[in-house]
Amino acid sequence: MTAKLIDGKAIAAKVRAKAAEDTAELVAQGFAPPGLATVLVGSDPASEVYVGMKQRMCKKLGMESFSFTLSPDSSQEEVEKMVQELNDNPKVNGILVQLPLPGHLDDEAVLKAISPEKDIDGFHPLNMGRLAQKGREPLFVPCTPDGCIYLLDEVGVELEGANAVVLGRSNIVGMPAALLLVKRNATVTICHSRTKNLPEICANADILIAAVGRVEMVKKDWVKPGAAVIDVGTHRIDDDTKEKGYYLTGDVAFDEVSEVAGWISPSPGGVGPMTIAMLMRNTVRAAQIAHGLVEV
Ligand code: NAP
């Protein structure tokens, strides 16, 4: 392997430690600990796991967590009413509605109902809109793409003027990642399922963010020698030869790409731990905003 490893676990641990430190400082100043409310509609097992992880992390860092589970057949009105109650609750600084919502619900309307000051996922149209505009700053940035940029910054990859390719244009990862890179003066190409000559485009990238949701799709010959590669993809592959009966991998063929890349963030152990760390950081920021401690 020639690429240097971007250790998401270690970098995320530092972000969490800072969130814990800032939480302790808020409490020392006489404020309540930052509070994160999670709203889960239904009982999707994966969503339950994610919500549980977020709650445990809050507690570990000294924050409050409030958990609400609504029945899978909740109406749009009921979900939005819950969000409104949380908007009005001063103990709640951040509101996270776990996606995906059941199919009969309008997730855009639910996200829009969250107060932008409590939108710690950064998905409110006001925050996304500001992310897309020159000279405007969102109150919060979506956690996974924010984590990608944080990883690049942490290891000193120069963003300004870099040729960056983002593989994927989803609302939660690809598009905000591309917008963040533009804000940092990278020259950005966004690729998606209709893109032609994908390998050639990727091979021109100084920075390649893979958020495509396809198992180990990015191969060695897609990567420019020395490029920084961030693997957002998360896949669980059944494998009886493994103790757990499966293994985890990403959108990048790690072993072969490591032979040419300059930097590589693995999956697992790269962006995954950053996502939850950035969520904790955003929750502290929401509390600081609520107490008028940061200018927005
Ligand atoms: P998504 O909503 O399914 O979006 C995938 C994107 O990739 C779409 O823009 C799609 O293009 C594009 N795409 C799909 N197949 C393609 C192909 N063959 N060639 C070129 N482009 C293709 O996925 P997502 O939510 O962004 O997630 C992407 C990956 O990141 C998944 O593996 C997911 O599990 C992982 N993820 C990880 C974290 C974390 O915390 N680590 C968080 C979120 C997601 P179109 O727009 O044209 O359909």
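Side notes on the structure shown:
- Taking a span of 24 Å or more along the helix axis (Cα atoms) and a mean Kyte-Doolittle hydropathy of at least -1.0 as the rule, the DSSP H helices of the chain that qualify are 8-28, 271-290.
- The charge dipole of the stretch 29-115, taken about the Cα centre with unit charges on the Cβ atoms of Lys, Arg (+1) and Asp, Glu (-1), comes to about 620 debye, rounded to the nearest 20.
- Atom-type composition of the exposed protein surface of the stretch 57-119 places 51 percent of the accessible area on carbon and sulfur (1.4 angstrom probe).
- Aspartates and glutamates whose Cα lies under 19 Å from that of LYS220, excluding same-chain neighbours fewer than 8 positions away: GLU200, ASP206, ASP231, ASP251, ASP255, GLU256, GLU259
- Per residue, the convex hull spanned by the Cα atoms of the stretch 3-84 measures out at 124 cubic angstrom.
- Dipole of the stretch 189-296 computed with +1 at Lys/Arg Cβ and -1 at Asp/Glu Cβ about the Cα centre; of GLY226, GLY262, HIS291, farthest Cα towards the positive end is HIS291.
- Per residue, the chain exposes 48 Å² of accessible surface when a 1.4 Å probe is rolled over the protein heavy atoms with every protein chain present.
- ILE190 - accessible surface, heavy atoms, 1.4 Å probe, Å² rounded to 10: 60 Å²
- Here the alpha carbons of the stretch 143-272 define both size measures, Rg and Dmax, at 13.9, 46 Å.
- Most mobile of PRO176, PRO100, PRO145 in a GNM of the chain (Cα contacts under 10 Å): PRO100
- Among beta bridges that DSSP assigns inside the chain, antiparallel share in %, nearest 5: 10 percent
- Qualifying aspartates and glutamates (Cα of each under 16 Å from Cα of LYS54; at least 8 residues distant if same chain): ASP44, GLU64, ASP119, ASP121
- Of TYR246, TYR150, TYR50, the one that fluctuates the most in a GNM where the chain has Cα springs shorter than 10 Å: TYR246
- Dipole magnitude of the chain, debye to nearest 20 (Cβ charges: Lys/Arg +1, Asp/Glu -1, about Cα centre): 480 debye
- Selected from ARG136, ARG169, ARG281 as most flexible by GNM, with the chain as the system and alpha-carbon contacts under 10 Å: ARG136
- Per residue of the chain, the DSSP helices (runs of n ≥ 4 H) give a summed -39500 (n - 2.57) that works out to -12000 deg cm²/dmol at 222 nm.
- Heavy atoms of LYS220 accessible to a 1.4 Å probe, total area in Å² rounded to 10: 80 Å²
- DSSP-defined beta bridges in the stretch 143-272 - what % are antiparallel, rounded to 5: 20 percent
The values are calculated or read from the model by the stated rules, or taken from the named source; none is laboratory data. Bear in mind that the values here come from a model prediction, so they are computed numbers and not experimental data. Please note: Cβ atoms are built from the backbone with ideal geometry, for glycine as well, and neighbour counts cover all protein chains shown. The area values use the complete protein model at the heavy-atom level, side chains included, leaving out ligands, DNA and RNA. Shrake-Rupley method; radii C 1.70, N 1.55, O 1.52, S 1.80 Å.
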